[in-house]
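Enquirer: What follows is a structure written as structure tokens; I'll ask about it next.
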Amino acid sequence: MKKICSLKDKFEIAINPAVSDVLDAASAADVFVVEDYPKTGVNFVDISSIFLQPKVFKNQIEAMKRLILTTLSQAANYQYDYILGIESRGFLYASVLSYELGIPLVLVRKKGKLPRNTVSAGYEKEYGTDYLEITTDDIAPNSSVLIVDDVLATGGTLEAVARLLKSEFKVKQVSALVAYLLDGLVKESLFEVMDEVMMLSSLRA
């Protein structure tokens, strides 16, 4: 039997002050944490219940839009040329933001899922090694890119994608936006390659 608890029972939740009027820590009560999944010692944050609550999901999207638009308004002559969604839960946020903001969407997929020519990056997850790929002609050089994902734990996924974007696509700016950041787990090496990291909420055990 898997041990399952609510997010608020497992973590102290801190809402980003910039969006605290839109988000409510109480709404995280319906996000579940599955302990020791997919292997012992890993706490899996299961956000799937959010999509059963349209109002909660809508509020998250509105909060994300505010962070994006605030960032753009504070930087002169600056725009995100692409939004990247990371397979698979990142797709759910990134696709809506792409539609709402009119910014082209690029899919970052697991190895073997994209049919055209790709470049790939391997990275270490909390529970093993994995590979992600991007279609080679999806992103123009000197672009500014926003990666959107659900949960930021160690940052291995984001770091691998950011390094791939800078080395293979020669982008000039890589930012990230996540729904939840697991405080205290993120590797410092992520911030060496990422220009900016934004989050809706941070979680501390």
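Here, each number is a calculation from the coordinates, and none is a lab measurement. Note that the coordinates shown come from a computational prediction; the quantities given were computed from them, not determined experimentally. All Cβ positions, glycine included, derive from the backbone under ideal geometry; neighbour counts span all protein chains shown.
Enquirer: Could you pull out every residue, at least 5 positions away or on a different chain, whose amide H is within less than 5 Å of the one on Asn16? Hs are placed 1.01 Å off N in the peptide plane, and Pro or chain starts have none.
Expert: Result for Asn16 returns Ser201, Ser202.
Enquirer: List the DSSP H helices in the chain whose Cα atoms stretch 15 Å or more along the helix axis and whose mean Kyte-Doolittle hydropathy is at least 0.0.
Expert: For the chain, where a helix must reach 15 Å along its axis and average at least 0.0, the hits are 89-101, 156-168.
Enquirer: Scan around Ile147 for amide H atoms under 5 Å from its own, H built in the peptide plane at 1.01 Å from N, and keep only partners 5 or more places away or cross-chain.
Expert: Leu84, Ser175, Ala176, Leu177
Enquirer: Here is a follow-up. Of all the stretches in the chain, which is the longest one without any exposed loop site, taking trypsin sites (Lys or Arg not before Pro) in a DSSP loop (any state but H, G, I, E, B) with at most 10 other Cβ atoms within 10 Å?
Expert: Answer - 117-205.
Enquirer: For the range 12-135, state what percent of all Cα-Cα pairs lands in each successive 10 Å bin, counting from 0 Å until the bin that includes the largest distance.
Expert: In order of increasing distance, the bins hold 11, 31, 36, 20, 1 percent.
Enquirer: Distance check, please: which entries in Lys3/Lys111; Lys39/Lys125; Lys113/Lys187; Lys65/Lys172; Lys110/Lys187 exceed 20 angstrom between their Cα atoms?
Expert: Lys3/Lys111; Lys113/Lys187; Lys65/Lys172; Lys110/Lys187
Enquirer: Please list, in order, the residues from the range 151-194 whose amide nitrogen is less than 17 Å from a point placed 7 Å along the Cα→Cβ vector of Thr129.
Expert: 156-157, 160-161
Enquirer: Given only helices, namely DSSP H runs of n ≥ 4 each adding -39500 (n - 2.57), what is the per-residue ellipticity at 222 nm of the chain, to the nearest 500 deg cm²/dmol?
Expert: Estimated from H runs of four or more residues: -8500 deg cm²/dmol.
Enquirer: Using a Gaussian network model of the chain whose springs link C-alpha atoms within less than 10 Å, name the residue from Asp183, Asp36, Asp149 with the highest mean-square fluctuation.
Expert: Among Asp183, Asp36, Asp149, the largest GNM mean-square fluctuation belongs to Asp36.
Enquirer: Separate question: Percent of Cα-Cα pairs per 5 Å bin, from 0 to the last occupied bin, for the range 57-204, please list those.
Expert: 2, 10, 20, 25, 22, 14, 6, 1, 0
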